[in-house]
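S.K.: Submitted below is the structure of interest, expressed as structure tokens.
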Amino acid sequence: MGVDLRQVVAGILTITMFVMLGQMLHRDYFDALQEKVQGDAHDIEFQGSRVAVEDGLVRAFEGGNKGPWMEDSHELKPCWSISQSDEAVSSKGYVTFSLTNGPEYHVSQITDAVMVAKHLGATLVLPDIRGSKPGDEMNFEDIYDVDKLIKRLESVVKVVRKLPSHVSLRDIAIVKVPTRVAEDYIKEHIDPIFKSKGNIRVTTYFPSVNLRKSSQGAETDPVSCLAMFGSLELQPAVNELVESMIQRLKTHSKKSGGRFIAIDLRVEILEKKNCHETGAVGSKTCYNAQEIALFLRKLGFDSDTTIYLTQPRWESSLNILKDIFPKTYTKESIMPTDKKSKYLELENSEYENVIDFYISSRSDVFVPAIPGLFYANTVGKRIALGKPQVLVPAEISGTSGVPTNYISPYISKKNHLAYSCFC
């Protein structure tokens, strides 16, 4: 059977055409991320630093650092001071509570419990830690440093490790308190119950997850500041693990001077219905991996940027982010192998939540793809540490944007509660 050369040539041309078309489509997609708006070079100022902007993208910060990275500001100092009226007063009653739902809630829960115990003149009992599933229970010392908590709070409230055996659980009244509970609320709603029962168990509920300063300009209670920003510290083994993971991320970031980005992006939350709703002004509230990748590229972060994701395990929907930023990691890929059996492979996710929270607090840039208390309390820790580069995602019109336009309002407007406690 003879071969028709015309058919062979036509077949080759057809295959070649499809290959060229595929390359064009691929190149057009990724080249679109590289396009820049032409414009004049100029400088802007942010947080006291001069920022060089050229062709719509940040090119260098004062001191010669390349790319859209900001220098950390000075670590702030506490503005609060404990007066004699704030000092601990002993009593016969006890306040108990639990830490639940992850470290972003722990910060608020410890603050509320300390405030209640302080203003009641009660003794605070060291909490246990409970996860989201029944039976997920840990001791406080599994994650946090007990001795430092007791030492730092001793000037305002007495803390004991266990509830005395003579106190029956039946004698403890359960009291729900709104987060950021104030002294007036405690006097009106909680003090009568405490005087009647003698012991109470505090559970915090969250009418709101924002941590903006009071609009009335009222001074923040120094006891609240101490509890929120000075009481919880990781116990040595967990802190050592977090430090080792941060160092691994820095090692992957040599070309950017050891800088890396942490992104709070969890697929399970993105898939929930309320994450697809828009805000009051019609803005998006959650951003997926592709949207985050485009956002970062348009701000000028190059493909060599190192990224840490809070997502527990890798999902195929994250592949687009890794295509654009190959150095994208979840905790399973940067945690030391000998630590995974304890901190990663257990069904209890409290360790993982803590790792995410503290790495996000220490990263050079933090990007919250999801709104909520994780974002708000991470910003609070970053303010105290002098790490202001928190970039809130948005749909950038055109092909480029300036990072300073997307700094979290908590920082750009200095309206986070942390600014009432630090100066």
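S.K.: Once you put a point 7 Å from the Cα of His189 and another 7 Å from the Cα of Lys255, both along the Cβ direction, what distance in nm separates them?
M.R.: 5.4 nm
S.K.: Let me ask something else about it. Just subtract the alpha-carbon distance of Ser91 and Ala182 from 0.36 nm times their residue separation and send over the number in nm, one decimal.
M.R.: 30.7 nm
S.K.: Taking the simple approach of a point 7 Å from Cα along Cα-to-Cβ for both Asp147 and Glu71, what is their distance in nm?
M.R.: Spacing of the two 7 Å Cα→Cβ label points: 3.8 nm.
S.K.: Would you mind listing how long region 247-365 runs along its three principal axes, going by Cα atoms, in whole Å with the largest first?
M.R.: For region 247-365, the Cα spread along each principal axis is 46, 36, 26 Å.
S.K.: For region 137-146, in order, what is each residue's ³J(HN,Hα) by Karplus, 6.51 cos²θ - 1.76 cosθ + 1.60 with θ = phi - 60°, in whole Hz (x at glycine and Pro)?
M.R.: 10, 9, 7, 3, 6, 5, 10, 10, 8, 5
S.K.: R0 = 41 Å: FRET efficiency of Ser341 with Ser412, Cβ-based, nearest 0.05?
M.R.: Values: r = 43 Å, r/R0 = 1.05.
Efficiency computed from Cβ-Cβ geometry: 0.45.
S.K.: Show Arg212, Arg130 ordered by accessible area, largest first, where the area counts protein heavy atoms only and the probe is 1.4 Å.
M.R.: These residues rank, largest area first, as Arg212, Arg130.
S.K.: Let me ask something else. Assuming R0 = 45 Å, can you tell me the calculated FRET efficiency for the pair Ile320 and His166, based on Cβ-Cβ distance, to the nearest 0.05?
M.R.: 0.15
S.K.: Need one value: the accessible area of Arg248 in square angstrom, 1.4 angstrom probe, rounded to the nearest 10.
M.R.: 100 Å²
S.K.: Sticking with this structure for a sec: Lysine pairs, Cα distance under 27 Å, 8 or more residues apart or cross-chain: how many in region 339-423?
M.R.: For region 339-423, qualifying lysine pairs total 7.
S.K.: Follow-up. Let me spell out the model: positive unit charges on the Cβ of Lys and Arg, negative unit charges on the Cβ of Asp and Glu, origin at the Cα centre of region 150-243. What dipole size does that give, in debye rounded to 20? Intermediate results must be reported in sequence, preceding the final value.
M.R.: Values: 14 positive and 11 negative charges, 78 e Å.
Roughly 380 debye for region 150-243.
S.K.: Show Tyr205, Tyr358 ordered by accessible area, largest first, where the area counts protein heavy atoms only and the probe is 1.4 Å. Please list the in-between numbers first.
M.R.: Details: Tyr205 100, Tyr358 30 Å².
The most accessible residue leads, giving Tyr205, Tyr358.
S.K.: Measuring from label point to label point, each 7 Å out along Cα→Cβ, what is the Glu395 to Lys197 span in nm?
M.R.: 4.9 nm
S.K.: For region 283-423, divide the Cα radius of gyration by the Kirkwood radius and give the resulting Rg/Rh value with two decimals.
M.R.: With Rh from the inverse mean 1/r over Cα pairs, Rg/Rh is 0.97.
The values are calculated or read from the model by the stated rules, or taken from the named source; none is laboratory data. Computed from a prediction, not measured in an experiment: that's the story for all the values here. Methodologically, a virtual Cβ is constructed for each residue, glycine included, from the backbone with ideal geometry; neighbour enumeration extends over all protein chains shown. Heavy atoms of the whole protein, side chains included, go into the accessibility calculation; ligands, DNA and RNA do not. Shrake-Rupley method; radii C 1.70, N 1.55, O 1.52, S 1.80 Å.
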